[in-house]
Amino acid sequence: MVRPGVEQGAPLTATDPFGALETDSEETLAWESAQNAAADGLLRDWDGFEALRDAIAPQLARIAVTAPTRSGSHWFRIDGGVLVVSDAPTGQGRTLVDPGGASLDWFFPSPRGTRVAYGLSSAGDEQSVLHVVETASAEVLRDRIPFTSNATVAWLPDEEAFAVNAGTAPDFERVDKVLLVHRLGQETPSQPEPIEVREPYCVYPQVSEDGRFLVAITSEVEPRADWIRELPDGRWRPFLLDVEGTCNGVFAGDSYIAVCTEGTPRGRLVRIPLATPLDRDAWQELVPESDLVLRFVQRAAETVVVSALRDACSVLLVGTDEDGFVEVELPANGLVSTTGLHGVAQPAAANDSGGVAGDAGGFSFVLGAPNLPPGLYRWEWRAPAVSELRAPDGRFPFAVHRLCAKAQDGTDVAYEIVHRTDLEPSALPTVIYGYGGWNVALTRGSLGAHAHLVDAGVGFVLAHIRGGGEEGTAFHRAGALESKQRSYDDLYAVAEDVVRRRIADPKRIAVLGGSNGGLMAAVALTQRPELWAAVCSLVPVTDMLRYHLSPYGETGLREYGDPRDPADAAILRAYSPYHNVRSGIVYPPTLVVAGANDMRCPAWHARKLVARLQEEASGGPFVLRVTGGGHLSTRRGADLVAEWQGFLLRALGLSGELPS
């Protein structure tokens, strides 16, 4: 492994010895190329790589299941990366959009399904360009709206116009989003709607079923319907702007049905009159706070569908005002989602719904669990039971146990250990996987490619650490901002608990995480290096005093704190991985993976951390892999997954050895 330094060409500056790695200069890219060449040899040039890649590919294929969306008489779904339309939820159908070498990022059919808005991007950069296609003819209209990463399209009932959130420049330059109302065929770009949002990068539109109202929802962490106006010409006015926490839902006639966490951190379901939204006495409680964590609400025709969590497993509640709400009996304890690609994370709506006039309501969903690949299911109100549309591809011989560790402050930290049924949960080589941020719930969903680790003999741990959304908004806030260290202390409590219970071999424990979880893994490396036999940090941020300087980095100010504030800077400095590499300390083998086109966690974070480890630390090897993809694509594809899984398996002694 090449250890960069002054003599070996790593760009240096006086104030920050590896600060020059933040820029994609010719010198930096030459150094990065040398790092990738070294990584090629270590990650791919060993006897078991091809066999591992071939074993992972079927696991990735198993999770490529997407719930169909019904609009009018049409069913839409993504199949093999293309948009397919059919007359039934399953079946061959016909290709409506084939993106070719581009990525089909998202799609939104119009109310009767006559048109579909969709986003295309390239090279994993997520810089979607909105297109519109006619369903009947497959003709792509001339309309284009750039900079629509993470877009939501809210069609008006006439299917001639829609509202959409979009940027004013690429996210690599400016991350702010605005709300646009676009009419098909218009010649000039729409002007941004004149509203202020809590988080400039995050605003989503919502249109009432009758097309009378447009709502602006802000915040991806605690979404809330802040502003409302009557279409077409009404002025914006505050809607739920003064509500604390999450208050996000769906229109229902002259009301808004929402999950609200104000005073109820696990959430309750309320009906809010559109005419008097700020009069709390006029709110009607439909589902009170309970042991469930209410996450999302949607409508399927006249049926209201609530997605919730219990012990990190999905719960669906369905009902109406008149009939009340009942829990749907699901085929397995796992994660309900729109796609198997979500794996164990629940970042977005947990079910997909659609219907036609007069339909009592139904919805399709994907359900997977650690021992069950994703299957496709549908629930109908007229026959209130779940039917199987596509069976899971087999079943894994895995056992799943839910346990609790005790955090430093006495809080219970739940986790699952997944292992092969033919192995006793004793002295297992173990991989601990966590996230713990942004109110994202880590659930007992399909393991996806991680299933191969379990099949290889690993005990795979899902750690539910504070900062996530598994137990409600208080659980998230307990691991954010000035309390962020709790997330990492919870992780260490889980690692120590699997050793105390003799589940794990204390000399063969690895930590794995991506994005915010990649930060978690990097913090674990620098704070508790003695715990780990290996560390794998995928697409992380690592310099917490400068993360905000990249355009998308500003999105983290409400999650991590502001490095420009002295009080916040002291907290960030205390756990910033880049700033806590210590000379004379022996660190375990470490792989840090980044994407050259990652708008969320730029590759320079990975470059700086690995350069400092190689220059100043003992142990290792310390490996940097920078792929040509983006934030999501770096974690998909059998070749790339085989690289980091092979690294872990060899570090744990399950497939040869890592070179020193």
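At 7 Å along the Cα-to-beta-carbon direction for both GLU196 and GLU329, put a label point, then send me their distance in nm to one decimal.
The answer from the label model is 5.3 nm.
How much length is gained if the chain between LEU654 and THR95 is pulled fully straight, taking 0.36 nm per residue apart and subtracting their Cα-Cα distance, in nm to one decimal? Could the numbers behind the result be given before it?
Numbers: separation 559, 0.36 × 559 = 201.24 nm, distance 4.32 nm.
Computed gain between LEU654 and THR95 is 196.9 nm.
For semi-axes √(5λ) of the Cα gyration tensor in Å, several values are listed as [x] 40, 28, 25; [y] 53, 38, 22; [z] 50, 28, 22; flag the one computed from this structure.
[x]
Taking a probe of 1.4 Å, how large is the accessible area per residue of the chain, in Å²? It would help to have the intermediate numbers written out before the result.
On the way: 24630 Å² over 660 residues.
Solvent-accessible surface per residue comes out at 37 Å².
Can you figure out the FRET efficiency of ALA169 with ARG500, using R₀ = 60 Å and their beta-carbon distance, to the nearest 0.05?
Numbers: r = 52 Å, r/R0 = 0.86.
With a Förster radius of 60 Å, E is 0.70.
Could you work out the relative contact order of the stretch 545-607, using alpha carbon pairs under 8 angstrom and six or more residues apart, expressed as a whole percent? Don't skip to the answer; put the middle values down first.
Numbers: 40 pairs, mean separation 16.9, N = 63.
Dividing the mean separation by the residue count of the stretch 545-607 yields 27 percent.
Loop-only trypsin sites (Lys or Arg not before Pro) in the stretch 172-269, please: DSSP not H, G, I, E or B, and at most 12 other Cβ atoms within 10 Å. Can you show the working numbers first?
Numbers: sites: ARG174, LYS177, ARG183, ARG198, ARG212, ARG224, ARG229, ARG235, ARG266, ARG268; in loops: ARG174, ARG198, ARG212, ARG235, ARG266.
Counting only loop positions with at most 12 other Cβ atoms within 10 Å, the trypsin sites (Lys or Arg not before Pro) in the stretch 172-269 are ARG235.
I'd like the distance between the alpha-carbon centres of the stretch 97-136 and the stretch 372-447, rounded to an integer number of Å.
Using only Cα atoms to place each centre, the spacing works out to 32 Å.
Pulled fully out, how much extra length does the chain show between ARG402 and ASP54, if you take 0.36 nm times their separation in residues and subtract their Cα-Cα distance? Spell out each step's value before the answer.
Details: separation 348, 0.36 × 348 = 125.28 nm, distance 3.10 nm.
Extra length from ARG402 to ASP54 when fully extended: 122.2 nm.
What lysines sit close enough to LYS177 to cross-link, taking a C-alpha to C-alpha distance under 29 Å and skipping anything fewer than 8 places away on the same chain?
Within the straight-line limit of under 29 Å, LYS177 reaches these lysines: LYS484.
On a C-alpha basis, how far is the centre of the stretch 54-70 from the centre of the stretch 258-323 in Å? Whole number, if you could?
Centre-to-centre (Cα) distance: 31 Å.
Using a 7 Å offset from the Cα along the Cα-to-Cβ direction at both THR320 and GLU209, what is the distance between the two label points in nm, to one decimal?
Label at THR320, label at GLU209, 1.0 nm between them.
Over the Cα atoms of the stretch 15-163, each weighted equally, I'd like the Debye log10 I(q)/I(0) at q = 0.14, 0.20 Å⁻¹, rounded to two decimals.
Cα-only, vacuum Debye calculation for the stretch 15-163: -0.82, -1.19.
In debye, nearest 20: dipole of the chain around its Cα centre with unit charges on the Cβ of K, R (+) and D, E (-)? If you can, show how the numbers build up before the last one.
Numbers: 58 positive and 86 negative charges, 229 e Å.
That gives the chain a dipole magnitude of about 1100 debye.
Run the simple label-point estimate for ARG280 and SER483 please: 7 Å along Cα→C-beta, distance reported in nm.
Each label point lies 7 Å from its Cα, and together they span 2.1 nm.
Multiplying the sequence separation of ASP233 and GLU530 by 0.36 nm and subtracting their Cα-Cα distance, what value in nm do you get?
Numbers: separation 297, 0.36 × 297 = 106.92 nm, distance 6.30 nm.
Working it through step by step, the gained length comes to 100.6 nm.
Can you give me the relative contact order of the chain as a percent, contacts being Cα pairs under 8 Å and 6 or more apart? Mind dumping the intermediate values first?
Details: 1669 pairs, mean separation 74.0, N = 660.
Relative contact order here is 11 percent.
Given a 1.4 angstrom probe, I'd like the percentage of the accessible area of the stretch 485-539 that is carbon and sulfur, rounded to a whole number. Walk me through the intermediate numbers first.
Numbers: 710 of 1530 Å².
Carbon with sulfur: 47 percent of the solvent-accessible area.
Among PRO373, PRO425, VAL386, whose Cα projects farthest towards the positive end of the dipole of the stretch 357-438, with charges put on the beta-carbon of Lys, Arg (+1) and Asp, Glu (-1)?
VAL386
Picking from PRO68, LEU52, GLY81, whose Cα lies most toward the positive end of the charge dipole for the stretch 50-96 (charges on Cβ: Lys, Arg +1; Asp, Glu -1)?
PRO68
Going 7 Å from the Cα of SER583 along its beta-carbon direction, which residues of the stretch 611-637 have the amide nitrogen within less than 15 Å of the resulting point?
So the set is 612-619.
Is it possible to state the helix-based mean residue ellipticity at 222 nm for the chain, with each DSSP H run of 4+ residues giving -39500 (n - 2.57), the sum divided by total residues, to the nearest 500 deg cm²/dmol? What is it?
Details: 10 runs with 113 residues, N = 660.
My calculation for the chain gives -5000 deg cm²/dmol from helical runs alone.
State the percentage of accessible surface on the stretch 391-453 attributable to carbon and sulfur atoms; use a 1.4 Å probe and exclude ligands, DNA and RNA.
Values: 1140 of 2330 Å².
Answer for the stretch 391-453: carbon and sulfur cover 49 percent of the accessible area.
So if I place +1 on the C-beta of Lys and Arg and -1 on the C-beta of Asp and Glu, and nothing else carries charge, what would the dipole magnitude of the stretch 84-206 be about its Cα centre? I want it in debye, nearest 20. Provide the component values of the computation, followed by the final result.
On the way: 9 positive and 18 negative charges, 31 e Å.
Around 140 debye, computed over the stretch 84-206.
When the accessible area of the stretch 110-174 is computed with all protein chains present and a 1.4 Å probe, what percentage of it is carbon and sulfur?
Numbers: 1290 of 2410 Å².
The computed percentage sits at 54.
The values are calculated or read from the model by the stated rules, or taken from the named source; none is laboratory data. Here the structure is a predicted model, which means the values were calculated and not measured. A quick note on method: Cβ atoms are made from the backbone with ideal geometry, for glycine too, and the neighbour counts reach across all protein chains shown. Keep in mind that these areas ignore ligands, DNA and RNA; they rest on the heavy atoms of the full protein, side chains included. Shrake-Rupley method; radii C 1.70, N 1.55, O 1.52, S 1.80 Å.
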